[in-house]
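Take a look at the structure below.
The values are calculated or read from the model by the stated rules, or taken from the named source; none is laboratory data. What you are looking at is a predicted structure, and each value in this text was computed from that prediction instead of being measured. Using ideal geometry, Cβ is built from the backbone for each residue, glycine included, and neighbour counts are taken over all protein chains shown. Areas reflect the complete protein model, heavy atoms only, side chains present, ligands, DNA and RNA absent. Shrake-Rupley method; radii C 1.70, N 1.55, O 1.52, S 1.80 Å.
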Amino acid sequence: MKTVRRMLYRDIGSSVAFVAVAFLALSYFIDFVDELQKLNRPGYTLLRAVVSASIELPGNLYELMPIAVLIGTIYALSRLAQSSEFTILRTGGLSPGRALRLLTVLALLFSAFTFAIGEYVMPFTERQMELMRADFAGGRKLGRTGAWLKERRMTEQGEHSFSVNVSGIDGKGNLQGVRIFEFDAQGRHLSRIRASYGVVGTDGSWTLSDAEITTWPAQGGRADDTEVAHRVEPTLRWPSTLSASVVSAAVLPLNTMSAAELWRYSRHLSHQEQAAQRYQLRFWKKALYPLACIVLTALALPFAYLHARGGGISLKVFGGIMLGISFVLLNNVAGHIGMLRGWTPWVVAAAPSLIFLLMSLAAFAWLVRYR
């Protein structure tokens, strides 16, 4: 059995690696051509285009890995079936259950590799890409309204709430156009801080540059202009419970966040009574996406039990590509429908994989029993 395991793992592993490299080469070419269109911009060089396209490779590998596993496994198993090697293995004692267990172990290795890329490598490279783009463009604007964060904490006067608005970030990740609004427990506006730049420290405190502080009286309603205090500080330290990871989640795209960061930020939004479904859905999709390698490997196993005269390898590989595209399409469509309908995030994220897993097991059982 060790010989059988070694042969299957070597053939499938090499096929998956070949398909993954081919997909990466194609995606790199497309990204590089897209970056070449920016060469007419001042300061944008060919080296920057090469680096930009290279940084996107881990993200592309993460997205393409399940499809590469599906196509590579189908190719390897179809080749073994066409040369009758798989038939010899079956007559030698490779039962369907044992074959499924062998492929499941290999699929777990593919899932672990995909998880490591998506959790550690991809967030770092995507974050560097966003900072590079912001540095080249002189900053990254966060739309017309900017990014909003909310915080509640206890002060000497009781519980106060803070609404923080950030208009953009620069190439170093510093915040631009910071506005902080403070309210008391009754919702009365107490103070406003405007700052040109802000840096979030490791201890959670913010360092604001060119800060303008406007303070209203603590008691009630509308105050006269003479009662409003206004001062300017070149540098202001603002204590906060908003950590650097929470701020990054608010101002950077979702693909720059790991599953752990998505979970922490969704919990933060829930505690602040803000809408968190988008981030919860993204968390579950990212947490369950590596398991798609197991599902698609199981989907590839029935191809080994198809007779060689039932279609050549190229036809089976084409069928695998169509299955992979349909899986990605269903996964994306389910996410959008789940957001619109307000469905439970983990159910929406798990539904496509469960559907394809049931399809693969049903096809596998039918082929083993009747073919």
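Please verify whether Ile67 is at pLDDT 85 or above, open to solvent by less than 30 Å² (accessible area, probe 1.4 Å), closer than 30 Å to Gln128 by Cα and β-branched (Val, Ile, Thr), treating the condition exactly as stated.
It is true that Ile67 is at pLDDT 85 or above, open to solvent by less than 30 Å² (accessible area, probe 1.4 Å), closer than 30 Å to Gln128 by Cα and β-branched (Val, Ile, Thr).
Let's see how each residue does on (1) in contact with a Gly (Cβ under 9 Å, 6 or more places away or on another chain); (2) surrounded by fewer than 18 Cβ atoms within 10 Å (Cβ to Cβ); (3) in a helix (DSSP H, G or I):
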site	(1), (2), (3)
Ala20	yes, no, yes
Ser27	no, no, yes
Leu47	no, yes, yes
Val50	no, yes, yes
Ser54	no, yes, yes
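Determine, yes or no, whether Ile337 is closer than 17 Å to Leu299 by Cβ and either in contact (Cβ under 8 Å) with a residue 12 or more places away in the chain or surrounded by fewer than 15 Cβ atoms within 10 Å (Cβ to Cβ) (or both).
No; evaluated as a whole, the condition is false for this residue.
I need a count of the residues in segment 340-371 that are part of a helix (DSSP H, G or I), surrounded by fewer than 12 Cβ atoms within 10 Å (Cβ to Cβ) and among the small types (Gly, Ala, Ser).
Total meeting the criteria: 1.
Suppose we filter Gly138, Gly143, Gly118 for residues that are more than 25 Å from the chain's Cα centre (by Cα) and not acidic (Asp, Glu); which single one remains?
Answer to the check: Gly138.
Conditions tested, residue by residue: (1) touching a residue at least 24 places away in the same chain (Cβ under 8 Å); (2) at positive phi; (3) among the polar types (S, T, N, Q).
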| position | (1), (2), (3) |
| --- | --- |
| Pro253 | yes, no, no |
| Arg267 | no, no, no |
| Gln274 | yes, no, yes |
| Leu291 | yes, no, no |
| Phe318 | no, no, no |
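Name the residue, out of Ser167, Ser95, Ser161, that is closer than 19 Å to Thr207 by Cβ and hydroxyl-bearing (Ser, Thr, Tyr). Steps first, answer last, please.
Details: Ser95 fails: closer than 19 Å to Thr207 by Cβ; Ser161 fails: closer than 19 Å to Thr207 by Cβ.
None of the other options fit; the residue is Ser167.
Kindly check whether there is at least one residue in segment 295-314 that is under 20 Å from the mean Cα position of the chain (by Cα) and more than 27 Å from Lys150 (Cα to Cα).
Yes, because at least one residue in segment 295-314 is under 20 Å from the mean Cα position of the chain (by Cα) and more than 27 Å from Lys150 (Cα to Cα).
From Tyr75, Tyr62, grab the single residue that is open to solvent by less than 70 Å² (accessible area, probe 1.4 Å), under 31 Å from the mean Cα position of the chain (by Cα) and of a type in the set (Ser, Thr, Tyr).
Answer to the check: Tyr62.
In segment 96-108, which residues are surrounded by 11 or more Cβ atoms within 10 Å (Cβ to Cβ), among the small types (Gly, Ala, Ser) and out of contact with any helix residue (DSSP H, G or I) (no Cβ under 6 Å at 6 or more places or on another chain)?
Ala99
Out of segment 234-252, which residues are open to solvent by less than 30 Å² (accessible area, probe 1.4 Å) and assigned to a loop (DSSP other than H, G, I, E, B)?
Ser240, Leu242, Leu252
Any idea how many residues of segment 269-283 are part of a helix (DSSP H, G or I) and surrounded by fewer than 23 Cβ atoms within 10 Å (Cβ to Cβ)?
The qualifying residues number 7.
Looking for whichever is in a helix (DSSP H, G or I) and open to solvent by less than 20 Å² (accessible area, probe 1.4 Å) here; the options are Leu288, Leu315, Leu299, Leu323. Which one fits?
Checking each option against the conditions leaves just Leu299.
Determine, yes or no, whether Asn40 is within 25 Å of Phe113 (Cα to Cα), of a type in the set (S, T, N, Q) and either modelled with pLDDT under 90 or open to solvent by 30 Å² or more (accessible area, probe 1.4 Å) (or both).
No: the conditions fail for Asn40.
Kindly establish whether Arg41 is among the basic types (Lys, Arg) and not in a helix (DSSP H, G or I).
yes
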